[in-house]
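Visitor: I am attaching a structure below and will ask some questions about it afterwards.
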Amino acid sequence: MIDMEAVLRSAIGGAVGVANAHKPRIRSRTLTIPSFFSGWVTTEAAGLFLARRVVHAALAARRGGYSTAQGRVALALDAVTVAGLVSLIQQGRRTDEEFEAALAPLLGAETLAARPSSVRKGAVVPLFTGSSKTRRIRNVGYVDDARWRNTLDVYEPKDGPVDVAGAARPAILQVHGGGWILGDKTQQGIPLLNHMVQNGWVGFNTNYRLAPKAKFPEQLIDCKRAVAWIRRNADELGVDPNFIAVTGGSAGGYLTAMLALTANDPEFQPGFEDEDTSVQAAVPFYGVYDIADANNAMVKGFVDFLSQVVVGSKYAEDADRWHRYSPVHRVHADAPPMMIIHGTPDTLVPVEQARPFAEAMSKTSDHAVVYAELAGANHAFDIFPSPRSVRTTEYVERFLTGVHDGNIK
């Protein structure tokens, strides 16, 4: 399993360190990496911690560890800990209510209830290792002479890329996060891709070039090349070229939103301006939607990090470019249906990044905009197979299937 602490510490903590070294403007938030990790792990792996705590208490009781005055204090603390963990688990289970409130106006309660719940009913291990019903084709180049950063993995049913009726399947492209400076296609989105494949889709998990070597908009250009490659090879892949959805978290959420909002924009398609890079649905997770951070929501040094490492220019001197690279400034009426997912207590990309974007989308887009704000969900909450993450996976499938079937427009 990947070391997500190393990934996020490098992407966020390292980024902040680089920026602070150059005396950034003061921001309204600071970031304590250890507190994020402790809260993140405890919240999403509460079931595992609960099992461990119960076993510990049972062994302590068997040994008579709670018989003394000090032991009774320890018992009280253990009881409080168990109650807290149970509360976290229950909060994760209430994700059903949060998604149903967001989706029921579009799909109806009966349609939502009729969709399969295969993830939460299945075993935990396949969420990380891959479903027994899924075949992964690794390291397929989506550009000529592709190196590692320009490859993707294909996820398809083991019975082949075309279903028994002979109909091409809709496609979903997963874009990894990592602060635009690291990350890999083998680290994120796999549970969702496995679930989508089991429900009649073909999945793709893509790499892209990273900063600081590749500055904006190279990452977006690469993702558009991946979309164009999927559409160009649709017949061979068993994919419906008329339906490609995109999803991703954090930096991948940013790129997901940009893909959805910049279809066929020649600025981001150098050398392949005539290819269709539109997507028909988008699901960004805990994304950055305003890289200039007008609401001062991000951690101290965020804008300076972007200017030095990722964008390659200062906002004060290049505001128009920064706006062109920000999803909140790219909102338009013809945006595809979008489900925006963000946790209320997100400490790395605060929810104040998502709320203005979701509001702008809702007011402007002629198509469906679903905003699911999840209480208790921290950044990268979907890394663990927790009650919250498996439910989220299922509701993403319900949204995307609703769009594909024409029930959400």
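We did not get these values from a lab; they are worked out from the coordinates using the rules stated. Quantities reported herein were computed from a predicted structural model and do not represent experimental measurements. Methodologically, a virtual Cβ is constructed for each residue, glycine included, from the backbone with ideal geometry; neighbour enumeration extends over all protein chains shown.
Visitor: In whole Å, how far is the Cα centre of region 201-224 from that of region 316-343?
Guide: So the separation of the two Cα centres works out to 17 Å.
Visitor: Does region 45-88 come out rounded, prolate or oblate by the C-alpha gyration tensor, with a ≥ b ≥ c the root eigenvalues, rounded set by a/c under 1.5 and, if not, prolate when a/b is larger than b/c and oblate if not? Could the numbers behind the result be given before it?
Guide: Details: a/c = 4.27, a/b = 1.74, b/c = 2.45.
Oblate is the answer for region 45-88, as a/c is 1.5 or above yet b/c matches or exceeds a/b.
Visitor: For the residue pair Asn139 and Asp366, what label-to-label distance in nm results when each label sits 7 Å from Cα along the Cα-to-beta-carbon direction?
Guide: Each label point is offset 7 Å from its Cα along the Cβ direction, giving 4.6 nm.
Visitor: Under the rule of at least 5 residues apart or a separate chain, name every residue whose amide H is placed under 5 Å from the amide H of Tyr371.
Guide: Ile340
Visitor: Further question on the same structure: Set the Förster radius R0 to 30 Å, insert the Cβ-Cβ distance between Ser87 and Ala58 as r into 1/(1 + (r/R0)^6), and round the FRET efficiency to 0.05. Working shown, then result.
Guide: Details: r = 21 Å, r/R0 = 0.69.
So the FRET efficiency works out to roughly 0.90.
Visitor: If you don't mind, another one. Cut-off under 21 Å on the C-alpha distance; same-chain residues fewer than 8 positions from Lys224 excluded. Which lysines are left, in chain and number order?
Guide: Partners found: Lys185, Lys213, Lys215.
Visitor: Related question: Taking the highest mean first, how do the peptides 84-96, 178-190 order by number of other beta carbon atoms within 10 angstrom per residue?
Guide: On the way: 84-96: 17.4, 178-190: 22.5.
Ranking the peptides 84-96, 178-190 by packing returns 178-190, 84-96.
Visitor: Now a separate question. Mind ordering 366-373, 342-349 by average Cβ neighbours within 10 Å, highest first?
Guide: On the way: 366-373: 19.2, 342-349: 22.0.
For the peptides 366-373, 342-349, the packing ranking is 342-349, 366-373.
Visitor: Once fully extended, how much extra length lies between Lys213 and Asp320, figured as 0.36 nm per residue of separation less the alpha-carbon to alpha-carbon distance? Write out the running numbers ahead of the final one.
Guide: Numbers: separation 107, 0.36 × 107 = 38.52 nm, distance 2.24 nm.
Full-extension gain reported as 36.3 nm.
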